[in-house]
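Have a look at the structure below, then the notes.
The values are calculated or read from the model by the stated rules, or taken from the named source; none is laboratory data. Note that the structure is a prediction, hence the values are computed from the model and not measured. Backbone-built Cβ (ideal geometry, glycine too); neighbour counts: all protein chains shown.
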């Protein structure tokens, strides 16, 4: 189980979002911000990936779920599970 002190300082390595949701049953941390479904990096207002190597536009986005192993968050973007988000309205 992660300590509250650690949860207070963790941020998503992709978008730098600090509002990570911790699920102690699944031992995961989830960032519900909009990320590129191709590479996991953040997207801009128009839905285009902000990563210069990707830069793909999209209309569907993903949240990133990071696993926790032995109380150590594995915050590696390409290893994060991509969870579909509802389309933007």
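Let me spell it out: the conditions are (1) at pLDDT below 95; (2) within 16 Å of residue 19 (Cβ to Cβ), and residue 31 meets all of them except one. Which number is the exception?
(1)
Go through region 7-19 and give me each residue that's under 20 Å from residue 71 (Cβ atoms) and in contact (Cβ under 8 Å) with a residue 40 or more places away in the chain. Outline the logic, then answer.
Filtering region 7-19 down to residues under 20 Å from residue 71 (Cβ atoms) leaves 7-13, 18.
Result: 10, 12, 13.
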